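Trainee: Take this structure first; my questions come after.
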Amino acid sequence: MPGRLQNKVALVTGAGSGIGLESSILFAQEGANVVLVDINLEAAQNVVALIATRSPNVKVLATKADVSKEADVKAAVDLAINEFGRLDVMFNNAGIMHPADDNALNTEEHIWDLTMQINLKGVWWGCKYAIIAMRENPTDEAKGLHRGGSIINTASFVALMGAATPQLAYTASKGGVLAMTRELAMVHAREGIRINSLCPGPLKTPLLMDFLDTEEKRQRRLVHLPMGRFGEAVELANAALYLASDESSYVTGTDFKVDGGLSSAYVTAV
Ligand code: NAD
């Protein structure tokens, strides 16, 4: 059985942890050659070693890049092209949630700027260089490969809902990801490039769990979650796999929610 991403080439940012880690494992398992990008090179290299034992038939490599730096992102995409000859899937997933990000009065300007640079501008750079690469993708019918590709941008449920536990810069940056993704999807739809946002609910990954470091903080959120639990990174990786694969060939410009029903909730079961 060919994998769901057989012969494709994927690049995943923030691949050293959480959603990016699980997605890199899954993409490779489904037959893709994968470039794992992270600001933490050691973390990405550890994931490469893990994949090498599980999926020995595909090629995976790690590279260090700060997604907020245009030259870093261009170099990572160039690496994918030089090593594998094409780019079919770009998963712009790296993001931060800064502990000093707060409400309108307490958030300092440098925290706002840092958050925007990574979470929003970083996604722009990823889209820019992926679009340039995907326009040049050679078609190979025998291998099921074609021009264009799939770009997935990680946003968040907080781009759709307000929270009384504020992280103003984070929320604004993710709203920007949704708006930018929709517009890019329209501009590039006729080039065979699909561009979607992924909207995770609150997850059991270091990004959130490092922040929710007391039972009180966790319970403050859990009461609002219809399923009564945080999501798992692999549940987002499965959604990213669908958006990456040709199974989602008529899906573009969507805010793809994987939030355990959170954004549909009024009163939840207790
Ligand atoms: P995580 O902290 O587990 O992993 C994020 C990875 O991104 C880390 O390996 C980190 O080193 C890397 N990274 C950070 N800054 C970077 C930069 N400038 N350049 C390159 N890599 C960088 O986080 P996660 O929970 O897997 O989150 C992944 C994405 O999902 C983020 O965009 C996050 O905002 C979003 N998200 C997470 C949740 C959640 O509850 N965890 C909810 C909604 C959205």
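What follows draws every value from the coordinates through simple rules; no lab data is involved. Keep in mind that this is a model prediction, so the values were computed, not measured. Cβ placement follows ideal geometry from the backbone for every residue including glycine, while neighbour counts extend to all protein chains displayed.
Trainee: On a 0 to 90° scale, report how tilted helix 122-135 is relative to the longest principal axis of the chain, with both axes built from alpha carbons and the result rounded to the nearest 10.
Mentor: 20 degrees
Trainee: Which residue, ASN82, ASN238, ASN46, has the most motion in a Gaussian network model of the chain that connects Cα atoms within less than 10 Å?
Mentor: Of the options given, ASN82 has the highest mean-square fluctuation.
Trainee: With +1 on each Lys and Arg Cβ and -1 on each Asp and Glu Cβ, and nothing else charged, work out how big the dipole of segment 135-214 is about its Cα centre, in Debye to the nearest 20.
Mentor: 180 debye
Trainee: Extension gain ALA265-MET209, at 0.36 nm per residue separation less the Cα-Cα distance, in nm?
Mentor: Extra length from ALA265 to MET209 when fully extended: 17.9 nm.
Trainee: Show me, for segment 234-242, the HN-Hα J-couplings you get by feeding each phi into the Karplus relation (A = 6.51, B = -1.76, C = 1.60, θ = phi - 60°), rounded to Hz, glycine and proline as x.
Mentor: 5, 5, 7, 4, 5, 5, 4, 4, 4
Trainee: Next up: Could you give the nm distance between label points at TYR250 and LEU105, where each point is 7 Å from its Cα heading toward the beta carbon?
Mentor: 5.2 nm
Trainee: Could you work out how far helix 18-29 tilts from the main Cα principal axis of the chain, as a 0 to 90 degree angle to the nearest 10?
Mentor: Roughly 30 degrees between the two axes.
Trainee: GluC sites (Glu not before Pro) within segment 200-243: which are DSSP loop residues with at most 15 other Cβ atoms inside 10 Å?
Mentor: Sparse-neighbourhood loop GluC sites (Glu not before Pro): GLU232.
Trainee: Okay, moving on. To the nearest Å, what is the center-to-center distance of segment 48-102 and segment 201-222, using C-alpha atoms only?
Mentor: That distance is 26 Å.
Trainee: Once you sort the root eigenvalues of the Cα gyration tensor of segment 9-258 as a ≥ b ≥ c, which label holds: rounded (a/c under 1.5), prolate (a/b larger than b/c) or oblate (the other case)?
Mentor: prolate
Trainee: If you don't mind, another one. Using the alpha-carbon atoms, what tilt in degrees (0 to 90, nearest 10) does helix 41-54 show relative to the longest principal axis of the chain?
Mentor: On a 0 to 90 degree scale, this one is about 60.
Trainee: What order, most packed first, do the peptides 259-265, 83-89 have when packing is the mean number of other Cβ atoms within 10 Å of each residue?
Mentor: In decreasing order of mean packing, 259-265, 83-89 become 83-89, 259-265.
Trainee: Pick out, in residue order, every one of the chymotrypsin sites (Phe, Trp or Tyr not before Pro) in segment 213-270 that is DSSP loop and has at most 13 other C-beta atoms within 10 Å; say none if there are none.
Mentor: TYR250, TYR266
Trainee: Could you work out the relative contact order of segment 161-235, using alpha carbon pairs under 8 angstrom and six or more residues apart, expressed as a whole percent?
Mentor: For segment 161-235, the relative contact order is 24 percent.
Trainee: Residue by residue, what Karplus-based ³J(HN,Hα) values in Hz, rounded to whole numbers, does segment 205-214 have, using 6.51, -1.76 and 1.60 with θ = phi - 60° and x for Gly and Pro?
Mentor: For segment 205-214, the Karplus curve yields 10, x, 3, 8, 5, 5, 7, 8, 8, 10 Hz.
Trainee: If you take every DSSP beta bridge whose two residues both sit in segment 9-258, what share of them, in percent to the nearest 5, is antiparallel?
Mentor: If we restrict to bridges inside segment 9-258, about 5 percent are antiparallel.
Trainee: Still on this model: If contacts are Cα pairs under 8 angstrom and at least 6 residues apart, what is the relative contact order of segment 9-258 in percent?
Mentor: Relative contact order for segment 9-258 comes out at 19 percent.
Trainee: Oh, and also: Could you check the spin-label model distance between ASN40 and ALA52? Points 7 Å from the Cα along Cα→Cβ, value in nm.
Mentor: 2.0 nm
Trainee: Is there a quick way to get the dipole size of segment 43-197? I mean about its Cα centre, with the Cβ of Lys and Arg at +1 and of Asp and Glu at -1; what is the value in debye to the nearest 20?
Mentor: Rounded to the nearest 20 debye, it is 540 debye.
Trainee: Which cross-chain or sequence-distant (5 or more) residues have an amide H under 5 Å from the amide H of GLY149, H modelled 1.01 Å from N in plane?
Mentor: ILE193, ARG194
Trainee: Choose one of LEU61, ILE111, THR165: the residue whose Cα lies farthest towards the positive end of the charge dipole of the chain (beta-carbon charges +1 Lys, Arg; -1 Asp, Glu; about the Cα centre).
Mentor: LEU61
Trainee: Something else about it: Suppose each label sits 7 Å from its Cα in the direction of the beta carbon; what would the ARG220-ALA164 distance come out to in nanometres?
Mentor: Roughly 1.1 nm, to one decimal.
Trainee: So what is the calculated 222 nm ellipticity per residue for the chain, using -39500 (n - 2.57) for each DSSP H run with n of 4 or more, over all residues, to the nearest 500 deg cm²/dmol?
Mentor: Only helices count here, giving -12500 deg cm²/dmol.
Trainee: Could I ask something else about it? Taking amide H positions as placed 1.01 Å from N in the peptide plane, with prolines and chain starts having none, which residues 5 or more places from LEU198, or on another chain, fall under 5 Å of its amide H?
Mentor: Answer set, sorted by chain and number: ASN153, THR154, ALA155, PHE256.
Trainee: Okay, next question. Count charges around VAL47 for me, please; just the other residues with Cβ under 12 Å from its Cβ, Lys/Arg as +1, Asp/Glu as -1.
Mentor: Here the charged neighbours net out to -2.
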